[in-house]
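Below is one structure, written out as structure tokens; the observations come after it.
The values are calculated or read from the model by the stated rules, or taken from the named source; none is laboratory data. Only a predicted model underlies this, so the values are computations on that prediction, with no experimental measurement involved. Cβ atoms come from the backbone with ideal geometry, glycine included; neighbour counts cover every protein chain shown. Only protein heavy atoms, including side chains, enter the accessible area calculation; ligands, DNA and RNA are left aside. Shrake-Rupley method; radii C 1.70, N 1.55, O 1.52, S 1.80 Å.
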Amino acid sequence: NPLSAEAKYIEEVTPDMIRNLLKEFGKTHNTGGTFRLYSSIRAFFNWYWDEFEPEIRNPIKKVTCKKPPITPIPGISREEINKMLRSIEKTSKCPERDRVFISMLADTGVRKSSIVNLKFSDVDVENCTILVYEKDQNFHTKPFGRETQRLIRKYLRCLSGNKPDDCFWVNHRGAKFTASGIEQMMERTADVAGIPRYGFHAYRRFYGLELYKSTHDIY
């Protein structure tokens with residue numbers, strides 16, 4: 001820690017030491033990275049002063065840092081999703097599966113790990129819902145639309161002998177369709193569709209925006 005090279009004890013740290021640290025850090029990092037470092041230092045010093053109540057003033061109170069601009073990152077658009085769906089036939093050995101994957105991803109906005117690890121028992125075709133394991137360590141039910149339901153039924157007609165605990169996504173040989181294979185499928189399809197190679201989070205942004213448009217409720 002550069003601060004510990006100049007001060008043996010926390011109470012010896014001065015505002016100038018923190019400013020110099022942020023200045024040096026900013027030479028090799030962008031505004032966002034520098035502000036995150038400042039936020040971490042501020043949180044630690046504020047905790048220390050609240051916890052131990054040193055008699056001297058908290059040095060972080062005299063230090064400020066430029067905030068990064070808040071620029072919303074656009075997700076994939078509905079037009080681009082439609083281009084992906086139309087291009088799958090040209091790139092895939094399992095077009096029925098890949099159409100379901102793209103459509104379900106846009107319909108539910110779930111994270112990569114949640115959709116990649118879906119099992120057959122997690123998909124309720126009749127009620128148009130999937131059961132996903134989210135980052136908060138709980139299961140959640142996510143609805144999907146009628147078009148995705150239609151695509152799922154078409155996909156299931158191509159399969160046979162699958163068990164409830166089997167992975168929902170299988171390749172043309174009947175084996176599990178891996179996360180790496182899914183990513184390659186999405187990249188190939190995007191290239192043929194003539195759109196950028198969007199990551200999974202672009203679909204979460206699309207889902208969130210569409211949900212807000214329909215409800216006008218940010219929560």
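Odds and ends about this structure:
- Relative to the longest principal axis of the Cα atoms of the chain, the long axis of helix 95-108 makes an angle of roughly 40 degrees.
- Free of any GluC sites (Glu not before Pro) that DSSP assigns to a loop and that have at most 14 other C-beta atoms within 10 Å, the longest stretch within the chain is 135-219.
- Choice from K163, K142, K83 with maximal GNM fluctuation in the chain (Cα, 10 Å cutoff): K163
- Long-range amide H partners of T129 with built H, under 5 Å: D124, F144
- Accessible area in square angstrom per residue, the chain, 1.4 angstrom probe: 63 Å²
- Taking every DSSP helix (H) stretch of at least 4 residues in the chain, weighting each as -39,500 (n - 2.57) and dividing the sum by the residue count yields a mean residue ellipticity at 222 nm of -16000 deg cm²/dmol.
- Label assignment, semi-axes √(5λ) of the Cα gyration tensor in Å derived from the structure, set (i) 48, 19, 17; (ii) 33, 21, 13; (iii) 41, 20, 17: (i)
- R0 of 25 Å, Cβ-Cβ distance R78-E183: FRET efficiency to nearest 0.05: 0.70
- Positive-pole candidate from I115, S103, M84, dipole of the range 64-163, charges at beta carbon: M84
- Ratio Rg/Rh [Cα only; Rh per Kirkwood] for the range 1-111: 1.33
- For a paramagnetic label modelled on N30 (point 7 Å from Cα along Cα→Cβ), amide N atoms under 15 Å away belong, within the range 40-74, to 67-74.
- DSSP-loop trypsin sites (Lys or Arg not before Pro) across the range 89-158, with at most 11 other Cβ within 10 angstrom: K93, K135, R157
- Summarising the amide proton neighbourhood of V170: residues at separation of 5 or more, or on other chains, whose placed amide H is nearer than 5 Å comprise F177.
- Entries in K61/K213; K90/K154; K90/K119; K119/K154 that, when Cα-Cα distance is taken, lie over 29 Å: K61/K213
- Cβ-derived FRET efficiency at R0 22 Å, E89 paired with R205, nearest 0.05: 0.25
- Each residue of the range 117-131 was assigned a 3J(HN,Hα) from its phi angle through the Karplus expression (A = 6.51, B = -1.76, C = 1.60, θ = phi - 60°), giving 8, 4, 10, 4, 5, 7, 9, 9, 5, 5, 9, 6, 9, 10, 9 Hz with x at Gly and Pro.
- Accessible area of the range 1-123 belonging to carbon and sulfur atoms, whole % at 1.4 Å probe: 51 percent
- If only the Cβ of Lys and Arg carry +1 and only the Cβ of Asp and Glu carry -1, the dipole of the range 66-219 around its Cα centre is close to 340 debye.
- Each Lys and Arg Cβ is given +1 and each Asp and Glu Cβ -1; about its Cα centre, the range 137-219 then shows a dipole of about 300 debye.
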